[in-house]
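The values are calculated or read from the model by the stated rules, or taken from the named source; none is laboratory data. None of these values were measured; they are calculated from a predicted model. Note that we place each Cβ from the backbone using ideal geometry, even for glycine, and neighbour counts take in every protein chain shown.
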Amino acid sequence: MPKTIRTSEYKQVVERLKQARLDVGLTQKEVSEKIKKPQSYVSKVEAGEQRVDIIELKVFADLYKKGLNFFIK
């Protein structure tokens, strides 16, 4: 069974995370400051190198003013 982080579905979540950030006009550094995580964390999430759990996804969704369904549709 493939690792979940490498599936096409997960790649779509990652792409939507990055697009949502760009849509609200935030840099990775600004996001990192708002969620109190290092900028490298945001970078790794957007590159698909760092897995996000549902709680972390909700933090991003709230910050980007998107529903969770936006990321997992």
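Just the residues that are closer than 12 Å to LEU63 by Cα and buried (at least 17 other Cβ atoms within 10 Å of the Cβ), please, taken from region 5-23.
Across region 5-23, the qualifying residues are LEU17, ALA20, ARG21.
Checking VAL31 against (1) touching a helix residue (DSSP H, G or I) at 6+ places or on another chain (Cβ under 7 Å); (2) of a type outside the set (Gly, Ala, Ser); (3) modelled with pLDDT under 95, which test does it fail?
Failed condition: (3).
Quick one: which of LEU26, LEU63 is at pLDDT 95 or above and crowded, with 17+ Cβ neighbours inside 10 Å?
Numbers: LEU63 fails: crowded, with 17+ Cβ neighbours inside 10 Å.
Being at pLDDT 95 or above and crowded, with 17+ Cβ neighbours inside 10 Å holds for just one of LEU26, LEU63, which is LEU26.
When GLN39 is evaluated against the numbered criteria (1) touching a Lys or Arg at 6+ places or on another chain (Cβ under 7 Å); (2) touching a residue at least 12 places away in the same chain (Cβ under 8 Å), which criterion, by number, is the only one it fails?
Against the list (1) touching a Lys or Arg at 6+ places or on another chain (Cβ under 7 Å); (2) touching a residue at least 12 places away in the same chain (Cβ under 8 Å), GLN39 comes up short only on (2).
Please work out which residue is nearest to LYS73 (Cα to Cα), limiting yourself to region 1-56 and to residues that are assigned to a loop (DSSP other than H, G, I, E, B) and among the polar types (S, T, N, Q). Quick ask: steps written out before the conclusion?
Here is the first cut: in region 1-56, the ones assigned to a loop (DSSP other than H, G, I, E, B) are 1-3, 7, 25-27, 36-38, 48-53.
Subset that is among the polar types (S, T, N, Q): 7, 27, 50.
Details: THR7: 14, THR27: 24, GLN50: 20 Å.
Step by step, filter region 1-56, then rank; the result is THR7.
Select from region 34-53 the residues that are at pLDDT below 95 and among the hydrophobic types (A, V, I, L, M, F, W, C) and write down the one among them that is surrounded by the most Cβ atoms within 10 Å (Cβ to Cβ). Write out each step before concluding.
Step one: list which residues in region 34-53 are at pLDDT below 95, which gives 47-53.
Filter again for among the hydrophobic types (A, V, I, L, M, F, W, C), leaving 47, 52.
Details: ALA47: 10, VAL52: 19.
The selected residue is VAL52.
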